[in-house]
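Report on the structure given below.
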Amino acid sequence: MKFTTNSIKSCAARIGLLTEFERIPNSTFETPLVLVYTKGGCVPHLTKDVFKMLTSSPQMLSVSLSSTYLMQETMKDCNINFANFVGMKEYINFLTIHDPASTTPSGFREPGIIPLWTRCGKYAITVDKYMDIIETFKPDMYVALCDGDTNIDSSRKRISKSVESSMTFFEQCFIKHSSSEALKSSEILGAIEGGYDKDARTVSINYLKTKPLIGYVIDGLHNNGSHVKDIPSKQIKDIIEHTINLLPTEKLKVSMGCWNPLTVLELIELGVDIFDTTYPYVITENLEALTFLCDRDNCNNMGHIISFTEGRYADDFSPICSHCECLTCKNHTKAYLHHLCNVKELLGKVLLMIHNVHQYLEFFKIIRENIKRDTLDDYKKKINLKFKQNNVIQAEEEFTCTKDTKLTSL
Amino acid sequence: MLQQGKSPLLFEIFYECKTTKARAGRMALVHHHVNTPVFMPVGTQGTLKGLLPQQLEQLDCQIILGNTYHLGTRPGINILEKAGGLHKFMNWKRALLTDSGGFQMVSLLELAKITEEGVKFKSPYNESDCMLTPEHSIQIQNIIGADIMMQLDDVVKTTTTGPRVEEAMHRTIRWLDRCLKAHQRLNEQSIFPIVQGGLDSKLRSECANQLIKREVNGYAVGGLSGGESKNDFWKMVHLTTNILPKNKPRYLMGVGFATDLIICSALGIDMFDCVFPTRTARFGCALVRTGQLNLRQIQYRKDMRPIDESCECSTCKIHTRAYLHHIVTVETVACHLLSVHNIAFQMKLMKDIRQSIQEQRFPEFIQQYMLDLFPNKEYPSWIVDALETVNVTLL
């Protein structure tokens, strides 16, 4: 696998190219890239044939060990790699430890292990165990075992512990990786830890930047889950800038998690190359549809999101967005989606997932075009407006509500 | 056919089995044609358990069901009317059939009471008194706009005996006439009467004989598949199809197990429906010729075969039992994958039935099927008896 970028300035939006994948040699991906989030080997709610209706282009999938760990014994005994076992062999996969869509419980630390949370409880993962699993999965890319259990509230002691043990984990993983015959076609990435502590980040970076790696995962900023979308950009901007400034420009930078689109744009402007579709998945689980790409001039969607729990869509026979090219918008109305969500039918989330993932793939396409045209800043302003619009609407609604309550109380 | 306008249902029988009462034909409906004998999957609330209309077309479904009671409650008739009917609301371009709403009311609502006027019930939402009359049922079904509608019938539990069965049978006939009178879209939709009469041959015959005097495009056999013995079940089907006119389609309500589909096709039934294939999918069960696989079971953990090696569905082409075992009841995708397979299974079975009727080898098809199902030839006696009456002796 190879990553190339024309960027010479660190901390700037850039276009890159991922090529020469061992398993699928003719696959190429342009960055900034969004990985398609999977859980249990599948894109949530979408069977493979439906996923193919959503996109016919090559895609890279993000896979979490926590949602697939229970499959590893079968895979090992049957001598089958992950891509083949889940029936997704035509897609490149990237394995992470935790599920970015659900909150990773903090704590439960013991020396030499990482707690892995599965639906059947907690498993203690050592380096040996981890690399054994990796040899079974044979992912195209994966992150070395790391302790990313830090966030904005972490103590200095916790942060330094996470940096320290992650370095030890990496050292051991890398030795095993380098000598493994089974992992000849897999790329290992190092996780930069250090929470929000610049000194700790520096230690982590100084250790990893000497290693012959294709890139890094910027980890330790949050504990995953849907609340990541509420982290304001300004909270992470400084520490990301510090991190990327110290990392070699030409290397790949990955940031997983449910970042909202505004934060994604900020991170791209700082030089992050790879994200994942946790955000549209979380939005789907909330029975919401993304509308932030809608053009303001000829579309009724003022805000960045619409929620199908709202009764106002019950008799709205227009699509989510009249300009959207997705299968959902081409075939179904808001009224139908509202009905499906209202009666809790499975098809509701299928259709929302199709729309939301489509929107996100489009979002990244538009971002790349804007970087190439050097207009990302204007685009960012436009998207920002969409999000502000929603807040305005919400504020107005709250205002009307309070007015109504006042009227009734009178 | 009738002189007035074009008929919303034209039924043609292409092949008749020379041994059994089975027939293979085609119904031309307003939205789509339907090859018979047909199995109709149930899409209760305007959707078929997580599958896209495109997937149903790929599975070769030509007609699906909607439930009037559920649709009338949510999204409600106003919304469906504004949408221009259920076809447009759910974007399903092929044929639809709706039930009358009566069965669900009686089975779902404890407080439902049947009077001559209609079914009286308390709204599950606001406790107010409501009444579903035959006229009201047809009015709702006219708005939903399905190609085939069901008359409101007086439903009694299948195992009920005594005067209540007779009363229900007579009332069903009276309600049919009210339904036919209320019907507003004669050129687009057909009403099927429902033969009732419990497990009493005399009442069944009387009901069927009364109903065939009405000018309709097809008939349903109701009140079966509700916990009665298989012996009673097939006899009622046999008796009813003997009375119903040959040139109209016959629909056996609520039947969908593979064995029942084969035997009742042999007894002259053309249409079937059942929630079973999609319901069992949600519980992690996959249909195969010899029964069903419960994929939650530990024995499938390392089973690298598809559900069925000979199945052409996308689930069997892509996934193993082992993978499905790991995601059943965890990921909604598992449910979709099993629904795809189970519907494909039903469609394939019906296609095999139609083809063997066409090629005049339906009796051999039945013999082989039953032998595969009971390799030690310990056939249940009802199967042996039912098939004997249509001149098929098992191997």
| Residues (crowded, with 24+ Cβ neighbours inside 10 Å, within 14 Å of chain A (Cβ to nearest Cβ) and more than 12 Å from the chain's Cα centre (by Cα)) located in region B:27-54 | B:46, B:47, B:48, B:49, B:50, B:51, B:52
| Just wondering, is there one or more residues in region A:45-52 that are more than 10 Å from every other protein chain (Cβ to nearest Cβ) and either free of Cβ contacts under 8 Å to residues at least 24 places away in the same chain or surrounded by fewer than 24 Cβ atoms within 10 Å (Cβ to Cβ) (or both)? | no
| request: Run residue B:281 past the list (1) closer than 16 Å to residue B:257 by Cβ; (2) within 14 Å of chain A (Cβ to nearest Cβ); (3) in contact with a strand residue (DSSP E or B) (Cβ under 7 Å, 6 or more places away or on another chain) and report the number of the one that doesn't hold. | output: (3)
| message | Exactly one of these conditions fails for residue A:355: (1) under 25 Å from residue A:17 (Cα atoms); (2) not in a strand (DSSP E or B). Give me its number. | response | (1)
| note | Filter region A:26-41 for residues that are within 15 Å of the chain's Cα centre (by Cα) and assigned to a strand (DSSP E or B); the one that is nearest to the other protein chains (Cβ to nearest Cβ) is A:39
| For region B:199-250, what are the residues that are in a strand (DSSP E or B) and touching an Asp or Glu at 6+ places or on another chain (Cβ under 8 Å)? | B:250
| field | Segments classed as strands (runs of 3 or more DSSP E), wholly inside region B:271-331, with at least 2 members that are among the polar types (S, T, N, Q) and closer than 30 Å to residue B:223 by Cα | value | B:291-294
| query | Restricted to region A:295-321, and to residues that are closer than 18 Å to residue A:331 by Cβ and in contact (Cβ under 8 Å) with a residue 24 or more places away in the chain, which residue is nearest to the other protein chains (Cβ to nearest Cβ)? | reply | A:313
| task | Scan region B:315-347 residue by residue and report those that are touching a Phe, Trp or Tyr at 6+ places or on another chain (Cβ under 8 Å) and facing chain A (nearest Cβ under 7 Å). | result | B:322, B:323
| query | Only one of (1) assigned to a loop (DSSP other than H, G, I, E, B); (2) surrounded by fewer than 19 Cβ atoms within 10 Å (Cβ to Cβ); (3) out of contact with any helix residue (DSSP H, G or I) (no Cβ under 6 Å at 6 or more places or on another chain) is not met by residue A:182, so which one is it? | reply | (3)
| note | Per the filter on region A:141-181, residues under 22 Å from the mean Cα position of the chain (by Cα) and either modelled with pLDDT under 95 or among the aliphatic types (A, V, I, L, M) (or both) are A:141, A:143, A:144, A:145, A:152
| field | Members of region A:87-98 that are under 20 Å from the mean Cα position of the chain (by Cα) and within 15 Å of residue A:136 (Cα to Cα) | value | A:93, A:94, A:95, A:96, A:97
| Qualifying position, being of a type in the set (Ser, Thr, Tyr), at negative phi, within 25 Å of the chain's Cα centre (by Cα) and part of a helix (DSSP H, G or I), among A:336, A:360 | A:360
| said: For residue B:294, only one of the following conditions fails: (1) more than 13 Å from chain A (Cβ to nearest Cβ); (2) under 21 Å from residue A:74 (Cα atoms); (3) in contact (Cβ under 8 Å) with a residue 12 or more places away in the chain. What is its number? | reply: (3)
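Within region B:335-361, count every residue that is more than 26 Å from residue B:49 (Cα to Cα) and either polar (S, T, N, Q) or touching a Lys or Arg at 6+ places or on another chain (Cβ under 9 Å) (or both). Talk me through it step by step, then tell me what you get.
Keep residues of region B:335-361 that are more than 26 Å from residue B:49 (Cα to Cα), which gives B:354-361.
Those left that are additionally either polar (S, T, N, Q) or touching a Lys or Arg at 6+ places or on another chain (Cβ under 9 Å) (or both): B:355-358, B:360.
Going through region B:335-361 one residue at a time, the tally reaches 5.
Assess whether residue B:121 counts as being more than 14 Å from residue B:191 (Cα to Cα), in contact (Cβ under 8 Å) with a residue 12 or more places away in the chain, hydrophobic (A, V, I, L, M, F, W, C) and in a helix (DSSP H, G or I).
Numbers: more than 14 Å from residue B:191 (Cα to Cα): yes; in contact (Cβ under 8 Å) with a residue 12 or more places away in the chain: yes; hydrophobic (A, V, I, L, M, F, W, C): yes; in a helix (DSSP H, G or I): no.
Against the criterion (more than 14 Å from residue B:191 (Cα to Cα), in contact (Cβ under 8 Å) with a residue 12 or more places away in the chain, hydrophobic (A, V, I, L, M, F, W, C) and in a helix (DSSP H, G or I)), residue B:121 does not qualify.
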| Looking at region A:9-49, which of its residues are hydrophobic (A, V, I, L, M, F, W, C) and in contact with a strand residue (DSSP E or B) (Cβ under 9 Å, 6 or more places away or on another chain)? | A:15, A:17, A:18, A:21, A:24, A:29, A:33, A:34, A:35, A:36, A:43
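Counting only residues that are assigned to a strand (DSSP E or B) and surrounded by 18 or more Cβ atoms within 10 Å (Cβ to Cβ), which one in region B:1-25 is farthest from the other protein chains (Cβ to nearest Cβ)?
Here is the first cut: in region B:1-25, the residues assigned to a strand (DSSP E or B) are B:9-16, B:23-25.
Checking which are surrounded by 18 or more Cβ atoms within 10 Å (Cβ to Cβ) leaves us with B:9, B:11, B:23-25.
Details: B:9: 27, B:11: 31, B:23: 34, B:24: 30, B:25: 31 Å.
Within region B:1-25, the match that is farthest from the other protein chains (Cβ to nearest Cβ) is B:23.
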| query | Quick one: residue A:243 ticks every box in (1) under 16 Å from residue A:381 (Cα atoms); (2) without any contact (Cβ under 8 Å) to a residue 60 or more places away in the chain bar one, so which box is it? | reply | (1)
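Those residues that are among the basic types (Lys, Arg), in contact with a Leu (Cβ under 7 Å, 6 or more places away or on another chain) and more than 18 Å from residue B:21 (Cβ to Cβ), I need them from region B:188-240; list them, please.
From region B:188-240, those among the basic types (Lys, Arg) are B:202, B:204, B:213-214, B:230, B:235; that's our starting set.
With in contact with a Leu (Cβ under 7 Å, 6 or more places away or on another chain) added as a condition, the list becomes B:204, B:214.
B:214 - this is the single residue of region B:188-240 that is among the basic types (Lys, Arg), in contact with a Leu (Cβ under 7 Å, 6 or more places away or on another chain) and more than 18 Å from residue B:21 (Cβ to Cβ).
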| How many of the residues in region B:132-162 are of a type outside the set (Ser, Thr, Tyr) and in a loop (DSSP other than H, G, I, E, B)? | 11
| field | Selection from region B:172-189 of residues that are outside any loop (DSSP other than H, G, I, E, B), surrounded by fewer than 23 Cβ atoms within 10 Å (Cβ to Cβ) and either at pLDDT below 95 or not hydrophobic (A, V, I, L, M, F, W, C) (or both) | value | B:174, B:177, B:178, B:181
| message | Just to be sure I understand the filter: pairs with C-beta atoms under 7 Å, separated by 6 or more residues or on different chains, first member in region A:123-134 and without any contact (Cβ under 8 Å) to a residue 24 or more places away in the chain, second member of a type outside the set (A, V, I, L, M) and surrounded by 16 or more Cβ atoms within 10 Å (Cβ to Cβ). Which pairs pass? | response | A:124/A:115
| field | In region B:60-87, the residues that are of a type in the set (A, V, I, L, M) and within 11 Å of chain A (Cβ to nearest Cβ) | value | B:71, B:79, B:80, B:83, B:86
| Has region B:306-315 got any residue that is within 26 Å of the chain's Cα centre (by Cα), surrounded by fewer than 18 Cβ atoms within 10 Å (Cβ to Cβ) and at negative phi? | yes
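The values are calculated or read from the model by the stated rules, or taken from the named source; none is laboratory data. Quick caveat: nothing in here was measured; it's all calculated off a predicted structure. Heads up, the Cβs are rebuilt from the backbone with ideal geometry, glycines too, and the neighbour counts pull from every protein chain shown.
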